[in-house]
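Some notes on the structure that comes next.
The values are calculated or read from the model by the stated rules, or taken from the named source; none is laboratory data. Everything numeric in this text was worked out from a predicted model, so none of it was measured. So basically every Cβ, Gly included, is an ideal-geometry build from the backbone, and we count neighbours across all protein chains shown. Please note that ligands, DNA and RNA were not included when accessible areas were found on the heavy atoms of the full protein model with its side chains. Shrake-Rupley method; radii C 1.70, N 1.55, O 1.52, S 1.80 Å.
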Amino acid sequence: AGKAVVVSRSTDGGLSWGAPVTVSTTTGFYDKTWIACDNTKTSPHYGNCYATWDDANAGDLLLSSTSSDGGLSWGAKKTTANNAAGLGGQPLAQHNGDVVVPVLSAFADRILAYKSTNGGTSWGSSTLVANISDHGVAGNLRTEPLPSAEVDGAGKVYVVWHDCRFRSGCASNDIVMSTSTNGTTWSSPVRIPIDP
């Protein structure tokens, strides 16, 4: 486990799947792979697919690879411009072709993001989305404030994670959200309401 990133593809809406295609291999340990494809027909990078993961044996170095043929073949693994480290990067293709990847920092104390403006040919430096205030979960459950993210039809990126900043004494966690239209400037985190 963790020795490779492989991708299987479906051309019939997920009813059947092809044999796995290798994106990248390692003698170390690859972790937390995410993949997304650019499905905006007017995008200059329409059809590109982007895989992201971290190399746990290299201090959670963030890596990405791009396919321009629907996942049949993949380019070389690439780092961010500042060799950022983190976990759980989730690539999101904006309508203009830019790809934004929100990610948890390697020390689980910040949400970061990095992006590509050239279809995955290169990746920029990571930028700060927000610092994290995290209340440890009871019962010795293994948990991290890994982000979950999505992009809307207008290209606005939404990222959420658990955070205790809105609780007195950091007594428990809420889900909080930050948004961006360009992947580099992010809104201050807001608390997701838990009731009307």
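Assorted remarks:
- Among 99-106, 151-158, 83-90, sorting by the average number of other beta carbon atoms lying within 10 angstrom of each residue, highest first, gives 99-106, 83-90, 151-158.
- 3J(HN,Hα) along the range 121-131, derived from phi through the Karplus expression 6.51 cos²θ - 1.76 cosθ + 1.60 where θ = phi - 60°, amounts to 4, 8, 10, x, 6, 6, 10, 7, 8, 6, 6 Hz, with x in place of Gly and Pro.
- Reachable aspartates and glutamates from residue 3, criterion Cα separation under 15 angstrom, eight or more residues apart if same chain: 31, 54, 55, 60
- Extension reserve of the residue 140-residue 31 stretch, reckoned as 0.36 nm per residue once the Cα distance is removed: 37.1 nm
- The chain, accessible area per residue, ligands and nucleic acids excluded (1.4 Å, Å²): 50 Å²
- Heavy-atom accessible surface of the chain: percent carbon and sulfur, 1.4 Å: 53 percent
- Net length gained if the chain between residue 118 and residue 6 were fully extended (0.36 nm per residue, minus Cα distance): 38.0 nm
- Prolate/oblate/rounded label for the range 127-191 (Cα gyration tensor, a/c 1.5): prolate
- Length gained when the stretch residue 154-residue 46 is fully extended (0.36 nm per residue, less Cα-Cα span): 37.3 nm
- Cα centroid of the range 25-56 to Cα centroid of the range 69-143, whole Å: 10 Å
- Rounded to the nearest 20 debye, the dipole size of the chain about its Cα centre is 160 debye, using +1 on the Cβ of Lys and Arg and -1 on the Cβ of Asp and Glu.
- Correct choice for Cα Rg over 2.2 N^0.38 Å that was computed from the model, options (1) 1.05; (2) 1.11; (3) 1.63: (1)
- Links that overshoot a 18 Å alpha carbon limit, given the list 77/156; 32/78; 78/156: 77/156; 78/156
- Value of relative contact order over the chain, rounded to a whole percent, pairs C-alpha under 8 Å and six or more apart: 13 percent
- When the square roots of the Cα gyration tensor eigenvalues are ordered a ≥ b ≥ c, the ratio a/c for the range 1-103 is 1.5 or more and a/b does not exceed b/c, which makes its shape oblate.
- Farthest towards the positive end of the charge dipole of the chain, among the residues 62, 36, 194, is the Cα of 62, using unit charges on the Cβ of Lys, Arg, Asp and Glu.
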